[in-house]
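The values are calculated or read from the model by the stated rules, or taken from the named source; none is laboratory data. All values derive from a computational prediction rather than experimental measurement. Because the Cβ atoms are built from the backbone with ideal geometry, glycine has one as well, and the counts that use them run over all protein chains shown. These accessible areas exclude ligands, DNA and RNA; they are computed on the full protein's heavy atoms, side chains included. Shrake-Rupley method; radii C 1.70, N 1.55, O 1.52, S 1.80 Å.
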Amino acid sequence: MESEIVPKITKMTVSGKKQSMGFEVPCVIAEENGHADTPQKGLSAEDASVTSGVPEAASKSTLSQVVQVSEEQNTVPTPVKKSGKTKPQINVKAELEKRQGGKQLLNLVVIGHVDAGKSTLMGHLLYLLGNVNKRTMHKYEQESKKAGKASFAYAWVLDETGEERERGVTMDVGMTKFETKTKVITLMDAPGHKDFIPNMITGAAQADVAILVVDASRGEFEAGFETGGQTREHGLLVRSLGVTQLAVAVNKMDQVNWQQERFQEITSKLGQFLKQAGFKESDVAYIPTSGLGGENLVTRGQISDLTQWYKGKCLLEQIDSFKPPQRSVDKPFRLCVADVFKDQGSGFCVTGKIEAGYIQVGERLLAMPPNETCTAKGITLHDEPVDWAAAGDHVTLTLTGMDIIKINVGCVYCDPKEPIKVCTRFRARVLIFNIEVPITKGFPVLLHYQTVSEPATIRRLLSVLHKSTGEVTKSKPKFLSKGQNALIELQTQRPVALELYKDFKELGRFMLRYSGSTIAAGVVTEVEAAVKAAQDAFPNWSSKSPLERSQILNKLADLIEHDLEAFAKAESKDQGKTITFARTVDIPRAVYNFRFFASSILHHVTECTEMATMGCVHYTSRAPVGVAGLISPWNLPLYLLTWKIAPAIACGNTVVAKPSEMTSVTAWMMCKLLEKAGVPHGVVNVVFGTGAKAGEALVCHPDVPLISFTGSTLTAQRITEKSAPHCKRLSLELGGKNPAIIFDDADLSQCIPTTLKSSFANQGEICLCTSRIFVQRGIYSEFLKRFVAEARKWKVGNPSDPTVSVGALISKEHLEKVRSYVKRAQAEGARVLCGEGVDSLDLPAGNEKGYFMLPTVIAEVQDESCCMQEEIFGPVTCVVPFDTEEEVIKRANSVKYGLAATVWSSNVGRVHRVARRLQSGLVWTNCWLIRDLNLPFGGMKASGIGREGAKDSYEFFTEVKTITIKH
Ligand code: NAD
């Protein structure tokens, strides 16, 4: 027996429950993968092509997203309990085809100006389809007559609440299921009234296709189409939210006697507008209809006034002929919560459209925010329980193992192995709609993203873009005005789960509203997540014992060592250094950095003093600081990055590390080993990007209390300035202009080969390289002759050739800069004894265009010359004579830097005397680059602030506390 009053249609509503996402997490913004095209650096064509694959890999981790990932980007923020039973694997694609008798599922939203007759039109269509029984319809007719609103009867099929009936407007997004010949349609009847646009956006965000209803009556179409009407706004909105196919129901045609002219007038006006809004002409169909009369809805209209000129489809035929959208079933699971409610049984329910992937009953899901897992106990599709559901389905999930309070409209349920990003700050490309006031920095907006509606602020106006090419036409505009395309940075009040448009088109779009109107549509281009991930990982990591951390560090060292050859090759290709140097210096040292701090962290003791007379004992306690920001340069990429990561995490901090944008390949390779080594997710986060963007964002981030930086003095100045407002703890390891002082009692057989190395190793691109050689006059000529002769023996060429000692410089610009110093020295009257401009550089075939330079020795150069004062950072060294100990100390100290010095003499007393007086953080006597990592490393003056080493790094990466106990 047919039910009495309940229509036979299934119905759900989006209640629009206000979300309350709790905590706030400011975030860092990074940018496109900074890993620029790997410069040729003299690699053979074969080498270059191998290298080019790597930035591709690195680009997966673009932005400051958490890059502690396996190759498949398996980020697992919360440990997931494995469910005992293994689910039978389903072939979703095959099952989807079989489901619903082979009919495709389509989500349809109905949009249009408030009085265009949307609900009546669709209600009548449903009635004609037999989805509402006669009795119910009769009841509605009676009721609506009684209420004096007879024409609302059909609309009531869709409008649910009393208030809607009262006002005759649809408020929530009503959802109804009906079928056509080839499709099962989920119909969302979106409100047309201006006040309910947020609900409309929610509906449209979940739709595949749309019906735009316009009122054909004179004056009415115009009212909806003009400014202030919803026709245009809805059209723009659905297009911006990803709907590409549109059926325009030119409704109430009976009121204009089915006039062809009126139909044409409307369609031509709309056609122009829809084209501008981004709809393809072939994807828009116009159907003349009468919602009240029911003409041309489910069967072609028979009225002669219409049939004379209209031979096209009726509305139902048009719905049936929409192309079904691509279902992203192969992507990780995503469902945006549209509603959440308590069920009778255990757990609670959420509804929403599955945007990607699929789900089976019993599977674990991760909710973001709040970053917690639960189990899907049941799935309901169109009010029927099902075992699985897939992308495109509107479902209700019954969830257990999670508290309902934590879930709000806007949360995203996702695959725990591939979680969605959560942030409060992101970048986006936006199109500004009709807005009278210009948009400036600090502009408050409402962000509508999927089912989320969240207050946000436009934090930065980054650039104005050319509409079609996307090129930047203006950087840092003061304001944005209507019609402009722009890049902006947005900050939300509470964390929101977002995807990048390039990764997930369906989840990368949003709208911005201001004071009741939609002012822009946008796509997400960059999301920050690294600092947040590091913060989340901190409590767990910092509470591990030093021994537990030590074991993980050792494991990581083993894994890098196991892949030493691959790392060395990648470092050589990426940086230009010789494979020999990478194999014997860079990578072994990176391995040792982890082993060293894994061991040293076990052996620190804190201080204790006693005040016996006061009955007191004082002791110190050290604790990790929090999220450490680590920034490293390009010359010793993995070596220097791990020199920071190892002590930071050994001490219990979590890190966001930024390698140089010029050389990030080995950092990326290391990321892939983190998980295997047992480094928990979020402990080491690597952001790839340029210094100006990713680096500076880290420096300015309020939740990164300390920055360890190695790089140039100029950058350090900027970092100091930028971090000052936050009073950050800084460690700065900077450039050098390092002297070698060679007394006449030096053993030249040792001194010359070592000084060649200290001048030209790694192409002279080491901060510790010698670039000023002071030779006592008695041995000056002999030294010079032998030094130059030996320098000429250094082979320059293909970095992969094991007989080569000098590889390629980092970049063309850097090569030009280094060469320019030689030119300037010559112009000043100095003499170039070998190398650049003097000897010819014969490069092997395939390397001719590389950034190579011969070891270059300059003599007869004044101390004031830029070559004697500035850091050249290339294979260039200056040799000058001196007479006395006193004189040479003064001259050696006469530069702004103070990093490292070398003293050559067999007189022990002199060695000690000179070493003490040199303004230099490190002094090597009768050797170079021999390091005991236990002892402090760092520079004076412009070469840096702070020291690194066993004790120094421990002190930098921990906060000390003095505790007094009275007994
Ligand atoms: P750099 O200062 O240009 O860059 C170093 C790092 O800082 C890079 O990761 C870069 O992206 C980042 N960066 C740049 N601008 C930034 C900003 N505004 N905010 C935050 N981060 C920013 O240096 P480089 O050219 O990569 O490296 C060469 C320099 O490094 C030389 O001066 C060399 O002497 C020095 N260096 C010093 C040591 C040492 O231990 N003292 C070791 C190696 C290199």
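Conditions tested, residue by residue: (1) away from the ligand (no atom under 16 Å from the Cβ); (2) closer than 30 Å to residue 802 by Cα.
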site	(1), (2)
580	yes, yes
586	no, yes
613	yes, no
636	no, yes
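If you check residue 708 against the conditions, is it surrounded by fewer than 24 Cβ atoms within 10 Å (Cβ to Cβ), within 13 Å of the ligand (Cβ to nearest atom), under 26 Å from residue 949 (Cα atoms) and touching a residue at least 12 places away in the same chain (Cβ under 8 Å)? Judged against the criteria, residue 708 is not a match. Which of the residues spanning segment 871-920 are among the polar types (S, T, N, Q) and closer than 26 Å to residue 712 by Cα? Scanning segment 871-920 gives 877, 893, 894, 902, 919, 920.
Summed over segment 747-801, the residues that are buried (at least 23 other Cβ atoms within 10 Å of the Cβ) and of a type in the set (Lys, Arg) give a count of 1.
Cβ separations smaller than 7 Å between residues 6+ apart or across chains give the following pairs from segment 813-824 residues that are under 15 Å from residue 854 (Cβ atoms) to residues that are in a helix (DSSP H, G or I): 821/866; 821/867. On the stretch given as segment 269-303, residues that are open to solvent by 70 Å² or more (accessible area, probe 1.4 Å) and not basic (Lys, Arg) total 7.
Residues that are in a loop (DSSP other than H, G, I, E, B), touching a Ser or Thr at 6+ places or on another chain (Cβ under 9 Å) and free of Cβ contacts under 8 Å to residues at least 60 places away in the same chain within segment 229-273 comprise just one, 258. Checking segment 682-694 against the condition returns a match, with at least one residue being β-branched (Val, Ile, Thr), in a strand (DSSP E or B) and within 23 Å of residue 587 (Cα to Cα).
On the given criteria, is residue 875 open to solvent by less than 10 Å² (accessible area, probe 1.4 Å) and within 19 Å of residue 810 (Cα to Cα)? So residue 875 passes the test. Of all residue pairs spaced 6 or more apart or on separate chains, those with beta-carbon atoms under 6 Å, a first member in segment 620-633 that is under 25 Å from residue 590 (Cα atoms) and a second member that is in a loop (DSSP other than H, G, I, E, B) and within 9 Å of the ligand (Cβ to nearest atom) are 632/659; 633/660; 633/711. Criterion applied to 841, 809 was being closer than 25 Å to residue 662 by Cβ, of a type outside the set (Gly, Ala, Ser), touching a residue at least 60 places away in the same chain (Cβ under 8 Å) and part of a loop (DSSP other than H, G, I, E, B), and the one residue passing it is 809. A Cβ distance below 9 Å, combined with a sequence gap of six or more or placement on separate chains, defines the contacts here; from segment 538-564, residues that are more than 15 Å from residue 590 (Cα to Cα) reach residues that are open to solvent by 60 Å² or more (accessible area, probe 1.4 Å) in the pairs 546/602; 547/602; 550/602. Those residues that are part of a helix (DSSP H, G or I) and within 14 Å of residue 577 (Cα to Cα), I need them from segment 633-647; list them, please. Once the filter is applied, which keeps residues that are part of a helix (DSSP H, G or I) and within 14 Å of residue 577 (Cα to Cα), segment 633-647 yields 637, 638, 639. Scanning segment 74-118 for residues that are of a type in the set (Val, Ile, Thr) and either modelled with pLDDT under 50 or part of a helix (DSSP H, G or I) (or both) returns 75, 76, 78, 80, 86, 92.
One residue stands out among those in segment 685-700 that are touching a residue at least 24 places away in the same chain (Cβ under 8 Å) and of a type in the set (Gly, Ala, Ser): the one that is surrounded by the most Cβ atoms within 10 Å (Cβ to Cβ), which is 694.
With the structure loaded, tell me whether residue 953 is in contact (Cβ under 8 Å) with a residue 12 or more places away in the chain, of a type in the set (Ser, Thr, Tyr) and within 15 Å of the ligand (Cβ to nearest atom) or whether it fails that test. So residue 953 passes the test.
Checked against the criterion of being more than 16 Å from the ligand (Cβ to nearest atom) and within 17 Å of the chain's Cα centre (by Cα), the candidates 691, 652, 678, 682 yield just one match: 682.
Considering only segment 764-781, I want to know if a residue exists there that is out of contact with any Ser or Thr (no Cβ under 9 Å at 6 or more places or on another chain) and within 16 Å of the ligand (Cβ to nearest atom). Looking through segment 764-781, at least one residue is out of contact with any Ser or Thr (no Cβ under 9 Å at 6 or more places or on another chain) and within 16 Å of the ligand (Cβ to nearest atom). May I ask you to verify whether residue 548 is surrounded by fewer than 18 Cβ atoms within 10 Å (Cβ to Cβ), of a type in the set (D, E, K, R), out of contact with any helix residue (DSSP H, G or I) (no Cβ under 9 Å at 6 or more places or on another chain) and part of a helix (DSSP H, G or I)? Yes, satisfied. Residue count for segment 713-746 under the criterion of being open to solvent by 20 Å² or more (accessible area, probe 1.4 Å), more than 7 Å from the ligand (Cβ to nearest atom) and not hydrophobic (A, V, I, L, M, F, W, C): the result is 9.
Checked against the criterion of being of a type in the set (Ser, Thr, Tyr), farther than 22 Å from residue 948 by Cβ, buried (at least 24 other Cβ atoms within 10 Å of the Cβ) and in contact (Cβ under 8 Å) with a residue 24 or more places away in the chain, the candidates 578, 666 yield just one match: 578. The residue that is nearest to residue 956 (Cα to Cα), counting only those in segment 657-675 that are of a type in the set (Val, Ile, Thr) and either at pLDDT 95 or above or in a helix (DSSP H, G or I) (or both), is 666. Taking the residues in segment 620-634 that are β-branched (Val, Ile, Thr) and surrounded by fewer than 24 Cβ atoms within 10 Å (Cβ to Cβ) as candidates, determine which candidate is nearest to the ligand (Cβ to nearest atom). So the residue we want is 625.
Looking only at segment 829-841, residues that are touching a helix residue (DSSP H, G or I) at 6+ places or on another chain (Cβ under 8 Å) and farther than 20 Å from residue 852 by Cβ come to 1 in all. Within segment 894-914, the residues that satisfy the criterion of being closer than 21 Å to residue 751 by Cβ, open to solvent by 30 Å² or more (accessible area, probe 1.4 Å) and not small (Gly, Ala, Ser) are 907, 908, 910, 912, 913. With respect to the stated conditions, residue 897 fails to be at pLDDT 95 or above, closer than 30 Å to residue 803 by Cβ and of a type in the set (Phe, Trp, Tyr).
Okay, residues lined up against (1) within 16 Å of the ligand (Cβ to nearest atom); (2) more than 24 Å from residue 766 (Cα to Cα); (3) free of Cβ contacts under 8 Å to residues at least 40 places away in the same chain:
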{"site": "883", "(1), (2), (3)": "no, yes, no"}
{"site": "896", "(1), (2), (3)": "yes, no, no"}
{"site": "903", "(1), (2), (3)": "no, no, no"}
{"site": "906", "(1), (2), (3)": "no, yes, no"}
{"site": "914", "(1), (2), (3)": "no, no, no"}
{"site": "918", "(1), (2), (3)": "no, no, no"}
{"site": "936", "(1), (2), (3)": "yes, no, yes"}
{"site": "949", "(1), (2), (3)": "yes, no, yes"}
{"site": "958", "(1), (2), (3)": "no, yes, no"}
